[in-house]
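The values are calculated or read from the model by the stated rules, or taken from the named source; none is laboratory data. Quantities reported herein were computed from a predicted structural model and do not represent experimental measurements. Please note: Cβ atoms are built from the backbone with ideal geometry, for glycine as well, and neighbour counts cover all protein chains shown. Accessible surface is based on the protein model in full, side chains and every heavy atom, while ligands, DNA and RNA are left aside. Shrake-Rupley method; radii C 1.70, N 1.55, O 1.52, S 1.80 Å.
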Amino acid sequence: MDITLNIENLKGFVEKKDFDNLFPQVQKAHEDLVNKTGKGSEFTGWIDLPSRIEDSFLDELDQLGQQVRADSDCLISIGIGGSYAGVHASLEFLISEQKLPVYYAGHNLSSGYLYHLLESLKDKRITVVVISKSGTTTEPALAFRIIKKFMEERYSAEELKKRIICITDPEKGALLTIAQNHGYRIFPINSDVGGRFSVLTPAGLVPLAIAGIDVKALVNGARKAQEYCSQLDLDNNIAYRYAAARYLLNQQGKEIEVLSTFYQRLSLVEEWWKQLFGESEGKDGKGLFPTSLSFTADLHSMGQLLQEGQRNMFETFLLSENSGHEMIIPEDSENLDNFNCVAGDDLDSVNKKAYQATSMAHYEGGVPNMTITISRFDANCLGQLYYFFEKAVAIKGYLLGVNPFNQPGVEAYKKKMFALLGRS
Ligand code: PA5
């Protein structure tokens, strides 16, 4: 694996004996997961998904991407929650590989946002991808209604068959019916994979392939992690170690996990992580509250609370060994800012010192912390990271005794909103 987990700064909070004592429970969680005897097992298709994806399908996506890029200036990706977060996170992470601009819609109900988006794209050649597993979610449904009209005013019905791609449940839902009635291209989302675990299904892969990302490398990374994370071993399987550490800290009364990164390119992976962890654990009155910070900016705002606020949290740092591009700090003959001490160094070496200082200061301030480090910013590493987090949250959910694969609470606001809208 090209990911490491450092738990040195858990000393005094979680010790080796705690991991050893928890092992039988981890073993039970592992067996329930792999034997599909645990809660929500009908939605555990993500476990062996990477190895089930056919290479021929990835080639097909690559060809689709080339075709779309040949006659489009941009892509609009419509979706919310699991049908949005992974796409946006992947493209932020892989920003240097992106070949086509991608804009997002359907992840909010802001008319101003959609107005300005469509205004800015009115002279562009556009392809639209609509992603909705259920095919009935309000935000993407309304955005698609508006964008479909916008597209119909520009293109013939025949042309739209090429320019609108629907990714949805293969058997039911309004989006499927619309796509079938108009002859739009359809990609199915695996029925045994829930929305927040769908980043490696067509919901995540199709927009990325269109944007020019090497989806085969992404899936290969996930395949590597699938194999690695299948070991029932708390010393060598870092997904299980991370899950166990989170559970032990939670049992000690820690209520909040702060995922802190020092890399802009990881900031939307944090958003994806929040959905995955929040929706998977937060039920039956249980679950850590997952939140995230972007350092060093947030050290100048939330740093105070982390250092001296209520001691009800722990922190997980998310780093990359390689920052992607070097940025050498120049020598300055005047040296008025007194920073010639780092002249000639890469800015990332200062960033790494900021991390070391922060992790020490927070630990000494009573915030235990762990560090997840990826080797580099490429698709293979991202595929590994996605799978690592998916496996970790599944094990933690089973340790906690919840069903990590449902989200009954998400329905409550929808029912009330439909009543207010007069929608049946
Ligand atoms: O995790 C989930 O299931 C949700 O966050 C969904 O991804 C989100 O509500 C969007 O659902 P859909 O893809 O059905 O439109």
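Consider only pairs whose beta carbons are under 6 Å apart and that are at least six residues apart or on different chains; among these, list those whose first residue lies in region 162-177 and is touching a residue at least 12 places away in the same chain (Cβ under 8 Å) and in the same structural domain as residue 144 (by TED's automatic domain parsing) and whose second residue is assigned to a strand (DSSP E or B) and open to solvent by 20 Å² or more (accessible area, probe 1.4 Å).
Matching pairs, first to second residue: 165/185; 166/186; 170/188.
Identify all residues within region 10-19 that are assigned to a helix (DSSP H, G or I) and surrounded by 12 or more Cβ atoms within 10 Å (Cβ to Cβ); write none if there are none.
Within region 10-19, the subset assigned to a helix (DSSP H, G or I) is 10, 16-19.
Matches in region 10-19: 10, 18, 19.
Can you tell me which residue among 144, 150, 197 is in the same structural domain as residue 78 (by TED's automatic domain parsing), in contact with a Phe, Trp or Tyr (Cβ under 6 Å, 6 or more places away or on another chain) and assigned to a helix (DSSP H, G or I)? Steps first, answer last, please.
Values: 144 fails: in contact with a Phe, Trp or Tyr (Cβ under 6 Å, 6 or more places away or on another chain); 150 fails: in contact with a Phe, Trp or Tyr (Cβ under 6 Å, 6 or more places away or on another chain).
From the options 144, 150, 197, the qualifying one is 197.
Can you tell me which condition residue 403 does not meet? The list is (1) in contact with a helix residue (DSSP H, G or I) (Cβ under 9 Å, 6 or more places away or on another chain); (2) farther than 26 Å from residue 240 by Cα, and all the others hold.
If we test residue 403 against (1) in contact with a helix residue (DSSP H, G or I) (Cβ under 9 Å, 6 or more places away or on another chain); (2) farther than 26 Å from residue 240 by Cα, just (2) comes out false.
Does region 234-253 include one or more residues that are of a type in the set (Val, Ile, Thr), assigned to a helix (DSSP H, G or I) and more than 30 Å from residue 70 (Cβ to Cβ)?
Yes, because at least one residue in region 234-253 is of a type in the set (Val, Ile, Thr), assigned to a helix (DSSP H, G or I) and more than 30 Å from residue 70 (Cβ to Cβ).
Among the residues of region 339-375, what is the count of those that are in contact with an Asp or Glu (Cβ under 7 Å, 6 or more places away or on another chain), loosely packed, with under 15 Cβ neighbours inside 10 Å and in contact (Cβ under 8 Å) with a residue 40 or more places away in the chain?
1
What number of residues within region 299-314 are open to solvent by less than 40 Å² (accessible area, probe 1.4 Å) and out of contact with any Leu (no Cβ under 7 Å at 6 or more places or on another chain)? Break it down into steps so the answer makes sense when it comes.
Restricting attention to region 299-314, the residues satisfying the condition of being open to solvent by less than 40 Å² (accessible area, probe 1.4 Å) are 303, 306, 309, 312-314.
Imposing the further condition that a residue be out of contact with any Leu (no Cβ under 7 Å at 6 or more places or on another chain) reduces the set to 303, 306, 309, 312-313.
Qualifying residue count, region 299-314: 5.
Right, residue 77: modelled with pLDDT of 95 or more and either in a helix (DSSP H, G or I) or not assigned by TED's automatic domain parsing to the domain that holds residue 188 (or both) or not?
On the way: modelled with pLDDT of 95 or more: yes; either in a helix (DSSP H, G or I) or not assigned by TED's automatic domain parsing to the domain that holds residue 188 (or both): no.
Against the criterion (modelled with pLDDT of 95 or more and either in a helix (DSSP H, G or I) or not assigned by TED's automatic domain parsing to the domain that holds residue 188 (or both)), residue 77 does not qualify.
Just need a number here: residues in region 152-187 that are over 19 Å from residue 211 (Cβ atoms) and more than 16 Å from the ligand (Cβ to nearest atom). Outline the logic, then answer.
Keep residues of region 152-187 that are over 19 Å from residue 211 (Cβ atoms), which gives 152-161, 168-184, 186.
Now narrow it down to the ones that are more than 16 Å from the ligand (Cβ to nearest atom): 152-161, 180-184.
Number satisfying all stated conditions: 15.
Tell me, which residue of region 236-257 that is free of Cβ contacts under 8 Å to residues at least 60 places away in the same chain and at negative phi is nearest to the chain's Cα centre (by Cα)? If you could, list the steps in order and put the result at the bottom.
Quick first cut of region 236-257, residues free of Cβ contacts under 8 Å to residues at least 60 places away in the same chain only: 236-237, 251, 253, 255-257.
From the residues that got through so far, the ones that are at negative phi too are 236-237, 251, 255-257.
Numbers: 236: 24, 237: 21, 251: 26, 255: 22, 256: 19, 257: 16 Å.
If we take residues in region 236-257 being free of Cβ contacts under 8 Å to residues at least 60 places away in the same chain and at negative phi, then 257 is nearest to the chain's Cα centre (by Cα).
Condition (residue is modelled with pLDDT of 95 or more and hydrophobic (A, V, I, L, M, F, W, C)) applied to region 402-415: is it met by at least one residue?
yes
Show me the helices (runs of 4 or more DSSP H) entirely contained within region 260-376 in which 1 or more residues are aromatic (Phe, Trp, Tyr), under 30 Å from residue 40 (Cβ atoms) and within 16 Å of the chain's Cα centre (by Cα). So that I can check it myself, show each step before the final result.
On the way: elements: 267-281, 303-308, 347-364.
The qualifying helices (runs of 4 or more DSSP H) are 267-281.
Here are 227, 281: which of them is under 30 Å from residue 16 (Cβ atoms) and open to solvent by less than 20 Å² (accessible area, probe 1.4 Å)? Can you show your working first?
Numbers: 227 fails: open to solvent by less than 20 Å² (accessible area, probe 1.4 Å).
Being under 30 Å from residue 16 (Cβ atoms) and open to solvent by less than 20 Å² (accessible area, probe 1.4 Å) holds for just one of 227, 281, which is 281.
Return the residues of region 130-180 that are among the polar types (S, T, N, Q) and surrounded by fewer than 19 Cβ atoms within 10 Å (Cβ to Cβ); say none if nothing qualifies.
First, the residues of region 130-180 that are among the polar types (S, T, N, Q): 132, 134, 136-138, 156, 168, 177, 180.
Those that are among the polar types (S, T, N, Q) and surrounded by fewer than 19 Cβ atoms within 10 Å (Cβ to Cβ): 134, 136, 138, 156, 177, 180.
Considering only region 329-338, I want to know if a residue exists there that is outside the structural domain of residue 83 (by TED's automatic domain parsing) and crowded, with 20+ Cβ neighbours inside 10 Å.
So in region 329-338, the residues outside the structural domain of residue 83 (by TED's automatic domain parsing) come out as 329-338.
Now restrict to residues that are crowded, with 20+ Cβ neighbours inside 10 Å: none.
Within region 329-338, not a single residue is outside the structural domain of residue 83 (by TED's automatic domain parsing) and crowded, with 20+ Cβ neighbours inside 10 Å.
Could we say that residue 33 is surrounded by 18 or more Cβ atoms within 10 Å (Cβ to Cβ) and closer than 24 Å to residue 259 by Cβ here? Step through it out loud before you land on a result.
Numbers: surrounded by 18 or more Cβ atoms within 10 Å (Cβ to Cβ): yes; closer than 24 Å to residue 259 by Cβ: yes.
Yes; evaluated as a whole, the condition is true for this residue.
Go through region 381-408 and report how many residues are away from the ligand (no atom under 16 Å from the Cβ) and open to solvent by 10 Å² or more (accessible area, probe 1.4 Å). Walk me through it before giving the result.
We begin by selecting, within region 381-408, every residue away from the ligand (no atom under 16 Å from the Cβ); these are 381-385, 387-388, 391-392, 395-396, 398-401.
Imposing the further condition that a residue be open to solvent by 10 Å² or more (accessible area, probe 1.4 Å) reduces the set to 398-401.
So the count comes out to 4.
What residue, of 51, 56, 77, is open to solvent by less than 10 Å² (accessible area, probe 1.4 Å) and either farther than 30 Å from residue 360 by Cβ or not acidic (Asp, Glu) (or both)? Spell out the reasoning first.
Details: 51 fails: open to solvent by less than 10 Å² (accessible area, probe 1.4 Å); 56 fails: open to solvent by less than 10 Å² (accessible area, probe 1.4 Å).
Of the residues listed, the single one that is open to solvent by less than 10 Å² (accessible area, probe 1.4 Å) and either farther than 30 Å from residue 360 by Cβ or not acidic (Asp, Glu) (or both) is 77.
Within region 82-129, track down each residue that is crowded, with 21+ Cβ neighbours inside 10 Å, within 16 Å of the ligand (Cβ to nearest atom) and either in a loop (DSSP other than H, G, I, E, B) or not polar (S, T, N, Q) (or both).
Listed by number, the residues that qualify are 82, 84, 85, 86, 87, 89, 105, 106, 128, 129.
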